[in-house]
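What follows is calculated from the coordinates using simple rules that are stated; it is not laboratory data. Just so we're clear, the structure is a prediction, and the values are computed from it rather than from any experiment. Using ideal geometry, Cβ is built from the backbone for each residue, glycine included, and neighbour counts are taken over all protein chains shown.
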């Protein structure tokens with residue numbers, strides 16, 4: 001039916017709610033609602049991963065000396081295992097049968113923070129760099145196959161793209177810088193030199209990749225700043241170490257790094 005209203009024409013037609021087109025759009029609506037709900041669940045899980053990973057990092061930063069090192073690392077590893085089982089396992093279940101890249105933005109923040117935490121743990125444990133294969137293996141699970149009568153098992157995992165792995169490692173450098181400064185206060189004067197050499201190797205590896213992305217470029221720039229601060233601490237330790245008492249060196253070094261460190265953490269968050 002056509003109704004004339006001035007210069008405008010309004011068309012009215014009856015819609016068959018049971019028609020094929022309407023049923024088709026109702027199906028699309030349900031699919032979109034399910035995907036939006038899944039996205040929100042992943043965001044919430046990612047937020048929990050971020051919070052728990054930060055707590056693990058802060059726990060390891062409180063490692064004040066060799067006497068407490070093993071105890072702190074044991075506590076940190078238990079918390080990391082809890083994150084894997086209580087947070088990442090639900091994420092892996094949510095991603096079953098889905099394109100992981102479609103939902104990557106929903107949990108990328110938590111994944112990067114987790115990689116930062118576990119890479120920091122590996123450094124403190126063995127002075128090694130955690131590999132992508134190790135990270136992926138820890139986030140791969142064997143679960144019972146639903147609907148199977150013979151109790152078969154299947155493997156599910158949280159996909160760790162190489163780009164997310166590299167971004168998580170780049171965040172590690174700020175924590176290493178802070179750890180190097182804090183270690184001086186506990187009397188470990190060799191730690192800054194060890195961290196400095198480690199950061200130099202990391203910077204060389206990142207620079208060999210070239211300009212991968214804008215986010216990677218920003219984090220590599222932060223890496224350079226962290227390395228410069230550790231180098232300055234090593235220089236001051238070598239030149240002025242005999243002039244300043246050991247318990248005061250930490251305050252001298254941190255006076256020029258604390259504000260910058262907090263700014264970097266705010267930018268990363």
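Normalised by residue number, the volume inside the convex hull of the Cα atoms of the range 17-57 is 33 Å³ per residue. With the convex hull drawn around the C-alpha atoms of the range 181-231, the volume per residue stands at 59 Å³. Taking other Cβ atoms within 10 Å as a rough exposure proxy, 104, 167 sort from fewest to most as 104, 167. Residue separation of residue 201 and residue 37 scaled by 0.36 nm, minus their Cα-Cα distance, works out to 54.8 nm of gained length. Within the range 67-218, all pairs of alpha-carbon atoms sorted by distance into 10 Å bins from zero give the percentages 9, 34, 31, 18, 6, 2, 0. Legend: P(r) of the range 141-199 from all alpha carbon pair distances, 10 Å bins from 0, whole percents, reading 19, 25, 17, 17, 13, 8, 0.
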